[in-house]
Structure formats: structure tokens, C-alpha cells
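Novice: Let me begin by handing over the structure; questions about it come next.
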Amino acid sequence: MSSSLNHYSPTIYKALRPDTQAQLHAIVSREASCLASTFYSYFLSSEDAAPFLSHDAVHQRLKSSMELWIKNIFDPQFTDIDEIAQKKIGKVHAHLGIPINLVLKGAILLKTELGTCLMQEMHDPLQLSDAILFACNRIDKAMALMSASYISDTKKNVQEAEAYRAMSFGQNLATEREGQLVALMEWSQSFLFALITHENILPSLSGSALGLWLRHRAAILFGGTPQLAELTTKITQFDQDFLSKAQIINSETQQAFTIRFQQAVDEIKSLLSDLFKNNDKTTEGVDPLTTLLNRRFLSAILSREISIAVHARMPLSVIVLNIDNFSEINKNLGSPAGDSAIKQVAEYLQKTTRPSDFLFRYNHEEFLLVLVEMNTEGAIQLGKRIKSDIQNKTFYTADLTSINIHLSIGVSSYDGHPDHNFLIKCAIENLKNDIYE
């Protein structure tokens, strides 16, 4: 499909007379702001697109870009459409997650509004006809180029998400399975302890470490499987049933409640075990030194997590960590010591973060943590703790030479801007400013 769009060749209408093209450009330039507002007001009225355009900065930036786009495609100094620019715009819309059908509907609305403006200004029927045909041709060609780029970029994201899923299956699923079974056991014990001690707030299963893992990592690993759907439904029902009934039990009903509770936990344990069965896909896709994710999967994972944050109204944060004295370690102790420092920091991060979070080796001595359902305050506290722990700990090379590691951190939280690059950029800026002393 993308191949045919890349070779899109619309009907070429006769060239406009210079005076007609000049008048067309003058009308478009004068009405560009109104046309852009019409285009994006349609987007904001759509339930599918509004969440991705709610951020004021995005709205303003896209609107001004739209005005410039309208002016440029009708500028007499350009003999044809700038293909590179149109493909770039298509990638931007794909990045933001705006459905392509809405973009195309917006283009129809744009042509209708432009036609109305031309009819109000041009009174010569032949001149008006030529101008409308020319305008439709230009907009159609631009949209075809955007669509080709949009489809290509979206397909790449889908392929990366699938590659990540396959890569994850290649990890040690037995260890992952045991980790989640332990998480279930720990949660059930904390629930019963809270029940016995008559605490006012009982911990929900959906809000536990297991619940977080199911919503984020398991959704990628086992998305679309009936086992995941059944387990997710069962946990929701579990919380609805037991959290409400736990508030009204007394000494006479507590034993029966506890038996039913344990039976339900055992059922969830069985469903969790079934989730891991018969999954033996393997592929490469991790950083060989640290076994963390590489940047290949960053776009697909962050785009998905931002979508979850938007629709579920949940927080999402990232931390960028940099080994500040990495060059010094390499210079004084050699590159094997530098590799050892990177590897040991990665091992610490794996032990410190939750199973639901995503860890990346972002650049050579930089790491990126994607922290699901964690707000700014929680991310800053975690970042400071990581920085303090690592800087107060002595690491060792293979020959037992001691290494002291110094970190700088940058934290950023999702604030409505749909482009994941903006989220990372903010964290990197905070890292450079070193505001978390």
C-alpha cells in the first residue's frame, strides 16, 4: 500500500495563469489562520484525536505549522510539492498517534472551506474553476505523500512492538513467572495482615506489583491471548468482590471469608501459570553488555505507555541517568573497567526498579528508565535514591580494583504532550542542569 502511495501521480491540471496563481496565493495567505483553525477544530471535536491534541503547546505548534503548510503548497515560487516536507509531516502525525482517516477527513474539510473562500473572491467562472482544480490537486498530492509516510512509520512501530514481544519471549520466562507468583503471594499476605489488624485501607490486587506488571509488560508479552483477558477480568472481579466484603466481616464471618479469599488467590495463581505455558519464541534485541533493552524498542514502548497514560489518566515518568565520570574510569583504569561500571549500574537498576518498568541502555554511559504509573514526586525520589546508593557504594572490576561511580539524573513526567521525544528531551535538559542535588 505504501509503495503505491509513494508513486502517487494525480491528474496534472493545466498551469494557472500567473495572475490567477497570484490571487490564489493571496487568498490562501490571508485565510491561512482561519483555515488552520477550521482544520484543528475538527480534530479537537473528535474523541479519537482530541486526547493527542489537548496539550496547549502541541495545539499551538501544529496550528502554526498548518498555516505555514497551507501557504507553502500554494506559493508561486514552488513549482511542485516538496515531497520531503510532506513525508516529514506524515511522520509527525504518526508519532502523535492521530488516526490517518481523521487527517484525510480534515483535508476534505480544508478543501471545502478553501473552495468557499475562493468562490467569495473570484467572480470569473473559468478562473474560479482553474483555481479550485489546482488547489484540490495540490492538497490531494500533499495528502498522498503524507499518508505514505504515515503508513510506513506506523508499520515500523508495529513491527518494533512485535519484535519486542518476540524478544521478551526469548528472555527467561521461568524467572519472570516465579517473580510474579512471588508478587502474588506477597500481596495476599499483606492483604490478610491488613485485614487482621483492621486497617482502614486494604491493598487492591490491581494496584499491586502484579497488577502493574499485567497492565504494562504482560500486555505486550501476551496481548490478545484469552489467558491474559481471563486473568485481567478475574483480578478486576476479585477487587470488586473482596475489597467491599472485607469492610463488613466480623469475627464470625472472618474464617469463611479467609477460606474464600485463599481459594480465589489459588485460582489466580493457576491462571497466571497458564499464561506462561507454551510460549517459547526467541529473538535478539537486547544490549549485549547489560541485557537491558536497546533503543530499538523505545519508540514503540513509550508511544504505547503514553497512550495508556492518556486514556487511563495515569501518571508516567522517565529518568535519564548518566555516569559522569565514565571517561575518567576508562582513562585511568582501562575500557574493561568502564564496561564493568556500566554493567554493574545496569544490574543495580534491574534490582531496584519494578518488574512493570522498562529499562534501556540509552547511550553509551546513559540509561533511561520508563516508570509506569509513577508521578513526578515518586520519580524524583527514586532518582535521588539511585544516585545516592550508587555514589555511596564501591564497585569492583574483575581484578578487584575499586571503582567509584558518580551519576547525574534527569526526571520528566508526562504532561499531555503526546510526542515521546518531548518527554525524553525534558528529562535530558533536567539532567544537564543537574537540578536534583
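The values are calculated or read from the model by the stated rules, or taken from the named source; none is laboratory data. Please read all numbers here as calculations on a predicted model, not as lab measurements. Methodologically, a virtual Cβ is constructed for each residue, glycine included, from the backbone with ideal geometry; neighbour enumeration extends over all protein chains shown. For accessibility, only protein heavy atoms count, side chains too; no ligands or nucleic acids. Shrake-Rupley method; radii C 1.70, N 1.55, O 1.52, S 1.80 Å.
Novice: Can you find, within segment 283-309, the residue that is modelled with the lowest pLDDT among those that are open to solvent by 80 Å² or more (accessible area, probe 1.4 Å) and not in a helix (DSSP H, G or I)? Let's see the steps before the verdict.
Specialist: First, pick out the residues of segment 283-309 that are open to solvent by 80 Å² or more (accessible area, probe 1.4 Å): 284, 288, 295-296.
Subsequent filtering for residues that are not in a helix (DSSP H, G or I) retains 284, 288.
On the way: Glu284: 45, Pro288: 80.
The residue in question is Glu284.
Novice: I would also like to ask the following. Only residues that are open to solvent by less than 60 Å² (accessible area, probe 1.4 Å) and more than 23 Å from Tyr348 (Cβ to Cβ): list them for segment 414-437, please.
Specialist: Keep residues of segment 414-437 that are open to solvent by less than 60 Å² (accessible area, probe 1.4 Å), which gives 414, 416-420, 423-424, 426-428, 430-431, 434, 436.
Listed by number, the residues that qualify are Tyr414, Gly416, His417, Pro418, Asp419, His420, Leu423, Cys426.
Novice: Hydrophobic (A, V, I, L, M, F, W, C), open to solvent by 20 Å² or more (accessible area, probe 1.4 Å), under 14 Å from Leu35 (Cβ atoms) and assigned to a helix (DSSP H, G or I), is that true of Leu109? Steps first, answer last, please.
Specialist: Values: hydrophobic (A, V, I, L, M, F, W, C): yes; open to solvent by 20 Å² or more (accessible area, probe 1.4 Å): yes; under 14 Å from Leu35 (Cβ atoms): yes; assigned to a helix (DSSP H, G or I): yes.
So Leu109 passes the test.
Novice: Also: In segment 366-410, which residue that is among the charged types (D, E, K, R) and under 23 Å from the mean Cα position of the chain (by Cα) is most open to solvent (accessible area, probe 1.4 Å)?
Specialist: Narrowing segment 366-410 to residues among the charged types (D, E, K, R): 366, 373, 377, 384-385, 387, 389, 393, 399.
Filter again for under 23 Å from the mean Cα position of the chain (by Cα), leaving 366, 373, 377.
Details: Glu366: 28, Glu373: 49, Glu377: 123 Å².
If we take residues in segment 366-410 being among the charged types (D, E, K, R) and under 23 Å from the mean Cα position of the chain (by Cα), then Glu377 is most open to solvent (accessible area, probe 1.4 Å).
Novice: Also, quick follow-up: Does segment 115-145 hold any residues that are free of Cβ contacts under 8 Å to residues at least 40 places away in the same chain and of a type in the set (S, T, N, Q), and which are they? Spell out how you get there, then give the answer.
Specialist: So in segment 115-145, the residues free of Cβ contacts under 8 Å to residues at least 40 places away in the same chain come out as 115-116, 119-120, 123-126, 128-129, 132, 136.
The answer is Thr116, Gln120, Ser129.
Novice: Hey, another quick one. For segment 203-282, which helices (runs of 4 or more DSSP H) that fit wholly inside it have 3 or more residues that are among the polar types (S, T, N, Q) and open to solvent by 70 Å² or more (accessible area, probe 1.4 Å)?
Specialist: Values: elements: 209-213, 226-245, 254-276.
Because the criterion is at least 3 residues that are among the polar types (S, T, N, Q) and open to solvent by 70 Å² or more (accessible area, probe 1.4 Å), the helices (runs of 4 or more DSSP H) in segment 203-282 that meet it are 226-245, 254-276.
Novice: Separate question: Examine segment 8-19 for a residue that is modelled with pLDDT of 75 or more and part of a loop (DSSP other than H, G, I, E, B), and state whether such a residue exists.
Specialist: Step one: of segment 8-19, the residues modelled with pLDDT of 75 or more are 16-19.
Filter once more, so that each one left must be part of a loop (DSSP other than H, G, I, E, B): 16-17.
Yes, segment 8-19 has at least one match.
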